[in-house]
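Okay, so here's the structure we're looking at.
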Amino acid sequence: MNLQAVVTNLEDYEQALGERLIARGKLDRAGLERARRIRTDTGERLSSLLPKLGLVSERDMAAAIAEQLELPIVSPREFPDQPLFKDRLSPRFLREAQVLPIAEEANGLVVAMADPLNQYAADALRMVAGKALLPRVAAPGDLEAAIDRLYARDSGDGGAQSTTAEDFGDGLDLDVERLRDLASEAPVIRLVNQLITRAVEARASDIHIEPFETALRVRFRIDGVLREIEPPPNRFRAAIVSRIKIMAKLNIAERRLPQDGRIKLAIRGTPIDLRVSTVPTMHGEGVVLRVLDRTGVQLDLAALGVGDRTLHTFLRILERPHGIVLVTGPTGSGKTTTLYASLVRLNSPDKKILTVEDPIEYQLDGINQIQVKPSIGLSFANVLRSILRQDPDIIMIGEIRDSETAEIAIQAALTGHLVLSTLHTNDAASTISRLLDMGAEDYLLTSTLNGVAAQRLVRTLCTNCRTREPALPEIVEQLGLRRYTAEPDIYLYKAEGCEECNGTGFRGRSSLIEILVVTDAIRRLILRRAEAMELHRAAVEEGMRTMFDDGMEKALAGLTTVEEVLRVTREV
């Protein structure tokens, strides 16, 4: 396609680009109209405005531009290992123009561009290379990451280049004011911003920054698995940590004690919350940032992976007017998200809902949320005593951590409230034993406990690259797969890996869940203080589908793999 002709008729090009995104299901008509209204005020191009507003992802926009202009799209693995024309192209120009030369060919210079219609950048590159340009389309985030990697030792800011490696040191002996100055310099601000942006675009739930003697390690937790990425230069370690602490309003002078804070910011138009935790280690402060992207979380039980039969059972206990409903599992198993989805389901104008949390992960419209602050005496137990006087219909307790909280939860349920909470146990049956161990009276438990949902998260297969193959007879026999399907031929799915899933074969996560309904048979066992195994067997006889059963059905349906199910249910 003639790019010069497109430049002279940008209105038609942008119109066609918007229609292409709608046709591909990446944008709706209302979002396009909203962007057009904003464009009339700002004059900004739709191709950059839509990702900034969070209406279209950068990768989807890059794919649409490539199709519209009939140009190839560049994947991150195609970027070079060494910078081209390093002595003639500054990192600042490349970042501002969002371009990067990636290869020299006989007929021209191959250039990755976020906007192939950027005539200024194209003319500058032609002048530098002395040959024709062969433009390719790349997502801005991929370009930024590649430029940062290739020019990591170049600050790109004139005044800041006088800062030496020795200025950054290891953070132990630096003067606090000097540390604050360093953390406010443009290279450090850009490094931290790029790190957070990369994490959000990679769908990471956590960013781990870990200092070691001679290196700084950075890892993203994506779909529950930690993946190491190329870290910033080690000499920036103290300044990076200080920059994060400044953003989270923490004390940068305090490096001996753990600290917790919160950062609110927008990444390409999308509001993001970051929970920040710092701890002192042998070689400096380690930092973990929990990424809370409200727009990326679907607070709907079915969307979280709760199947029809399980959902029916869960709603049966959830929609009772009073009693206790618990969601259990280890850290990171999605308990809080399930509780939030439950609250969204229960929320209506005729019900008053109060939550007591530590911390509040997502703000829910129409629900009164209270943040626990133990440092000033605002504990779970103290808050619970107060909110019972607020006349709530439904109470959500972030976690039952001690016997005092358990006792108040039971009393609240006895006085006609619906109480939702979480507990750290391996399976549903163990929860009852845990409550009894915490001092809960068995006769009170049988009167108040409606049911327990235990869950794990499994990685879901990438639908773009998963493959299906016949299950080996030995596997069918060993796992009892014939219990889960009436089909004569049994197939299982494998993770292959493609660009859509960054080569992992997985994209996103889904819940495996088992729900123990407290029936008369279970109540009799509670009064006898039966062991968890006996409670589990009785619940299965009463119709409970275990997490293993739920997982195998999802594996046969192609949602995940048998290996994933075994990985998360092995200890259950």
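The table for this structure:
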{"read-out": "Top-ranked residue in segment 263-309 [being among the basic types (Lys, Arg) and modelled with pLDDT of 90 or more; ranked as nearest to THR214 (Cα to Cα)]", "value": "ARG290"}
{"read-out": "Which listed residue is at pLDDT 95 or above, out of contact with any Cys (no Cβ under 8 Å at 6 or more places or on another chain) and under 27 Å from GLY334 (Cα atoms), from GLY451, GLY503, GLY439", "value": "GLY451"}
{"read-out": "Options LEU71, LEU49; residue that is in contact (Cβ under 8 Å) with a residue 12 or more places away in the chain and farther than 30 Å from PRO187 by Cα", "value": "LEU71"}
{"read-out": "Residue satisfying condition, being open to solvent by less than 40 Å² (accessible area, probe 1.4 Å), farther than 30 Å from LEU354 by Cα and free of Cβ contacts under 8 Å to residues at least 40 places away in the same chain, within set LEU525, LEU444, LEU461, LEU472", "value": "LEU525"}
{"read-out": "Among (1) at pLDDT below 90; (2) part of a loop (DSSP other than H, G, I, E, B) - the single one LYS351 does not satisfy", "value": "(1)"}
{"read-out": "Residue under evaluation PHE85, criteria (1) surrounded by 15 or more Cβ atoms within 10 Å (Cβ to Cβ); (2) of a type in the set (A, V, I, L, M, F, W, C); (3) touching a residue at least 40 places away in the same chain (Cβ under 8 Å), criterion not met", "value": "(1)"}
{"read-out": "Residues of segment 505-522 satisfying the condition of being part of a loop (DSSP other than H, G, I, E, B) and in contact (Cβ under 8 Å) with a residue 40 or more places away in the chain", "value": "GLY505, VAL518"}
{"read-out": "Strands (runs of 3 or more DSSP E) wholly inside segment 191-234 containing at least 2 residues that are modelled with pLDDT of 90 or more, open to solvent by less than 50 Å² (accessible area, probe 1.4 Å) and over 17 Å from LEU265 (Cβ atoms)", "value": "204-211, 216-222"}
{"read-out": "Residue satisfying condition, being of a type in the set (Lys, Arg) and either touching a Lys or Arg at 6+ places or on another chain (Cβ under 7 Å) or buried (at least 18 other Cβ atoms within 10 Å of the Cβ) (or both), within set ARG389, ARG401", "value": "ARG401"}
{"read-out": "When residues of segment 323-348 are limited to those that are in a helix (DSSP H, G or I) and of a type outside the set (A, V, I, L, M, F, W, C), the one most open to solvent (accessible area, probe 1.4 Å)", "value": "ARG345"}
{"read-out": "Answer from LEU174, LEU133 - the residue that is at pLDDT 85 or above and either touching a Lys or Arg at 6+ places or on another chain (Cβ under 6 Å) or among the hydrophobic types (A, V, I, L, M, F, W, C) (or both)", "value": "LEU133"}
{"read-out": "Residue list for segment 59-82, restricted to those being within 20 Å of GLY130 (Cβ to Cβ) and either at pLDDT below 85 or open to solvent by 60 Å² or more (accessible area, probe 1.4 Å) (or both)", "value": "GLN82"}
{"read-out": "Residue identified as at pLDDT below 95, touching a helix residue (DSSP H, G or I) at 6+ places or on another chain (Cβ under 8 Å) and farther than 28 Å from PRO321 by Cβ among ARG466, ARG401, ARG482", "value": "ARG482"}
{"read-out": "Counted residues, segment 546-572 - those being assigned to a loop (DSSP other than H, G, I, E, B), open to solvent by 30 Å² or more (accessible area, probe 1.4 Å) and within 26 Å of GLU469 (Cα to Cα)", "value": "3"}
{"read-out": "Enumerated helices (runs of 4 or more DSSP H) restricted to segment 427-481, each holding at least 3 residues that are closer than 24 Å to GLY551 by Cα", "value": "428-437, 473-479"}
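The values are calculated or read from the model by the stated rules, or taken from the named source; none is laboratory data. Nothing here was measured: the structure is a model prediction, and the numbers come from that model. Glycine also receives a Cβ, built like all others from the backbone with ideal geometry; neighbour counts cover every protein chain displayed. Only protein heavy atoms, including side chains, enter the accessible area calculation; ligands, DNA and RNA are left aside. Shrake-Rupley method; radii C 1.70, N 1.55, O 1.52, S 1.80 Å.
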